[in-house]
Amino acid sequence: MGFGVRYPAGGVNHHKGGSWLIDAPLTYLSDPAPRREWWTSLASDMDKHSTLRRLLSFEMFCTADIDGVRKVRENIDGEVQVVLVIRNLGDFVPSYWQETLKRGSTSSLEEYARRYLQDPREIGVSGAFHRSDDRWLVARWVEVFGAENVTVVVLDRSAPSRLFDAFESMLGLPGSLLSSATVDHAETNRGMSFPEASLVLEINRRLLEDWSMPRTMHRKLVYRGLVERILGSRQIGPKEDRLRLPVWAAEACAEAGALLSTSIQSLGVQVVGELSEIDRQVDGLDTDQAVLPGEVPVDLALEALLGVLSRASGWNAAHTEHVPSSIE
C-alpha cells in the first residue's frame with residue numbers, strides 16, 4: 001500500500017472470489033460450486049481500501065459469458081479498468097493444454113487440438129474464446145464496460161517486460177517494480193518440455209483412468225506435488241524438445257488469430273503491443289508428437305518422485321519445512 005495500490009486479500013490470485021462473480025465452478029474441490037462468501041470476503045477487503053487503486057486478478061475472468069461480465073459490473077462499484085491479456089494463439093494452445101494436464105487431462109496435445117481447433121471462429125481450448133453468447137472475447141467486456149475502459153495487452157516474447165510495464169503504468173507504480181519482485185520457485189510458471197508433459201500425461205492416465213483416483217487427491221499429489229516440484233526445481237535439459245503444434249493446428253491458430261485481431265481493432269479499445277502478433281503463424285511439426293517417448297531423463301523421474309513424496313508425507317526436505325496439508 002506504500003504506492004497507493006491494494007491487492008486485496010493477498011494470495012496469488014483471486015480465483016475463489018472471482019469464480020463466484022462469473023459462476024465458474026472450481027472443479028478441483030469436492031464441492032465445486034462457487035460460494036458467495038468467497039466474494040463477500042474479497043469485496044469487504046476492497047471496500048476497506050476504497051481510496052486506493054485496487055487490483056483484482058483472476059485469469060478465468062476471460063471465460064465469462066455476457067451474463068458473467070454483467071455480474072462483475074454489478075458487484076464492483078466505481079470506475080473500473082478492464083485489462084485483457086492476449087498472446088499468439090499458436091503459442092497459447094500448447095501452453096493452455098499444459099494447464100489442463102495439471103488439472104488431470106488425459107488427452108495428448110494432438111488429441112486436444114483435434115477436439116478444439118475445428119472452427120477458427122471458436123477456439124475451444126479455452127472458455128475465453130467461446131461464442132455461446134454470439135460475442136467475441138473482447139466484445140463482451142466492451143459491451144458492458146465501454147471501449148474507453150478496456151485495454152488489451154498483447155504479449156510478445158521479444159518484449160518480456162511489456163505486461164509488467166503496462167500494469168505499472170495503469171497502477172501508477174514505479175518502473176521495474178513488478179519485474180524485480182522475488183518469485184517463489186513454485187510460482188515461476190515456466191512451460192513444460194515434451195518429456196515433462198509426456199510424463200505428467202501418462203501419470204494422469206494411470207491414476208485417473210486406470211485407478212480412478214479422486215480429483216482432490218490428484219490435485220494434492222500430482223499438481224501440487226509432482227508438477228510444482230518439476231517446474232520449480234528442475235531445469236530443462238539441452239536436448240529436450242519443446243512442445244509444438246502439428247502443422248494443421250498452427251495454421252488453424254493463425255486463421256483464428258486473424259479473426260480475433262480484426263474484432264479487437266474494430267472495437268476501438270486501447271491496445272498495448274502489436275495486434276499482428278496474435279495471428280503470427282508458429283512453426284508446426286510434421287510428425288506426431290502425441291507419441292510418448294520411450295524414456296525420460298533420470299533427473300526428471302527423480303524430481304517427480306520427490307514431489308509426490310513431499311506432498312504425501314507432508315514434509316519438504318529441500319526447504320526444511322512442513323508442506324501444508326490443505327489441497328486447496
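Values quoted throughout were computed directly from the atomic coordinates according to the rules given, and no laboratory measurement underlies them. Predicted, not measured: the structure shown is a model, and the values here were computed from it. FYI the Cβ positions are ideal-geometry reconstructions off the backbone, even for glycines, and counts take in every protein chain you see.
Across region 201-216, in residue order, what do the Karplus-derived ³J(HN,Hα) couplings come to in whole Hz, using 6.51 cos²θ - 1.76 cosθ + 1.60 with θ = phi - 60° and x for Gly and Pro?
Per-residue couplings from phi come out as 4, 5, 5, 4, 5, 5, 6, 8, 8, 7, 9, 6, 5, x, 4, 5 Hz.
Write down the percent of antiparallel bridges among all DSSP beta bridges whose residues are both part of the chain, to the nearest 5. Kindly include the intermediate steps, with their values, before the conclusion.
Details: 3 of 14 bridges.
Of those bridges, close to 20 percent are antiparallel.
Give me a comma-separated list of calculated 3J(HN,Hα) values for region 190-195, in order, Karplus coefficients 6.51, -1.76, 1.60 applied at θ = phi - 60°, integers in Hz, x for any Gly or Pro.
Coupling constants for region 190-195: 6, x, 8, 7, 4, x Hz.
Rounded to the nearest 20 Debye, what is the dipole magnitude of the chain about its Cα centre when Lys and Arg each give +1 and Asp and Glu each give -1 at the C-beta? It would help to have the intermediate numbers written out before the result.
Numbers: 35 positive and 46 negative charges, 160 e Å.
It comes to approximately 760 debye.
Hey, which lysines would be in cross-link range of Lys16, C-alpha to C-alpha under 27 Å, not counting anything within fewer than 8 residues on its own chain?
Within the straight-line limit of under 27 Å, Lys16 reaches these lysines: Lys48, Lys71, Lys102, Lys220.
Which shape class, rounded, prolate or oblate, goes with the chain when its Cα gyration tensor gives a ≥ b ≥ c as root eigenvalues, a/c under 1.5 marks rounded, and past that a/b bigger than b/c marks prolate?
Working: a/c = 1.61, a/b = 1.20, b/c = 1.33.
Cα axes put the chain in the oblate bin.
Rounded, prolate or oblate for region 78-214? Axes are the square roots of the Cα gyration tensor eigenvalues, ordered a ≥ b ≥ c, and the cut-off for rounded is a/c under 1.5. Mind showing how you got there, number by number?
On the way: a/c = 2.35, a/b = 1.40, b/c = 1.68.
Verdict is oblate for region 78-214.
Which of Gly191, Gly273, Gly78 moves most in a GNM of the chain, Cα contacts under 10 Å?
It is Gly78.
Give the aspartates and glutamates whose C-alpha is closer than 14 Å to that of Lys239, dropping any in the same chain fewer than 8 places away, or say none.
Within the straight-line cut-off, Lys239 pairs with Glu196, Glu295, Asp299.
Amide H of Leu285 versus every other amide H placed in the peptide plane: which residues, excluding those fewer than 5 positions away on the same chain, fall under 5 Å?
Hits under the 5 Å cutoff: Leu245, Val247.
Arrange the peptides 275-283, 31-39 so that the one whose residues have, on average, the most other Cβ atoms within 10 Å appears first. Before the final figure, lay out each step's value.
Details: 275-283: 17.3, 31-39: 13.8.
Highest to lowest by the protection proxy: 275-283, 31-39.
Per residue of region 271-285, in order, report the coupling 6.51 cos²θ - 1.76 cosθ + 1.60 (Karplus, θ = phi - 60°) as ³J(HN,Hα) in whole Hz, putting x for Gly and Pro.
These are the phi-based 3J(HN,Hα) values: 10, 9, x, 10, 4, 4, 5, 5, 9, 4, 7, 7, 6, x, 9 Hz.
Given the DSSP H assignment, sum -39500 (n - 2.57) over each helix run of at least 4 residues in the chain and divide by its residue total; what's the result at 222 nm in deg cm²/dmol, nearest 500? Kindly include the intermediate steps, with their values, before the conclusion.
Working: 12 runs with 129 residues, N = 328.
Dividing the helical sum by the residues of the chain leaves -12000 deg cm²/dmol.
To make sure I understand, if each residue's beta carbon is the centre and we count other beta carbons within 10 Å, what order do Thr262, Thr287 fall in, fewest to most? Don't skip to the end; give the middle numbers.
Working: Thr262 13, Thr287 9.
Final ranking by Cβ density, sparse to dense: Thr287, Thr262.
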